[in-house]
Amino acid sequence: MTEINGGELVAVNPDYAQVLVREGLCQEAITELKEYRFLHSNVVSQTNNIELLLKENGEQCFIHIEPVFFWR
């Protein structure tokens, strides 16, 4: 992370996106997903676009993480 233009934080390494999402999930910062308790990474799927799998009470949530670049 680096600070730009008056204090905005940006990630300069797109490979770090998965780490940031995992941290957000563990700290329950992503409110829509905080009900899930079991986190699996490096999930093998047919499309190979799934990085994380969340599970709770028989429900599954597959997550694909794509870094977003913002430029002004």
- Message: When the residues of the stretch 40-63 are narrowed to those that are at pLDDT below 85 and closer than 19 Å to ASP15 by Cβ, which ends up nearest to the chain's Cα centre (by Cα)?
- Response: GLU51
- Working only within the stretch 23-35, note down all residues that are open to solvent by less than 80 Å² (accessible area, probe 1.4 Å) and under 19 Å from ILE50 (Cβ atoms). GLY24, LEU25, ILE30, LEU33
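Are any residues in the stretch 1-39 acidic (Asp, Glu) and more than 12 Å from the chain's Cα centre (by Cα), and if so, which ones?
Result: GLU3, GLU8, GLU32, GLU35.
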- Task: Would you please list the contacts, defined by Cβ atoms under 6 Å and residues six or more apart or on different chains, that run from a residue in the stretch 11-33 that is in a loop (DSSP other than H, G, I, E, B) to a residue that is among the hydrophobic types (A, V, I, L, M, F, W, C)?
- Result: ALA11/MET1
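The values are calculated or read from the model by the stated rules, or taken from the named source; none is laboratory data. Computed from a predicted model, the values in this text were never measured in an experiment. Here Cβ is always computed from backbone atoms with ideal geometry, including for glycine, and neighbour counts include all displayed protein chains. Heads up: the accessible areas ignore ligands, DNA and RNA and are worked out on the full protein's heavy atoms, side chains in. Shrake-Rupley method; radii C 1.70, N 1.55, O 1.52, S 1.80 Å.
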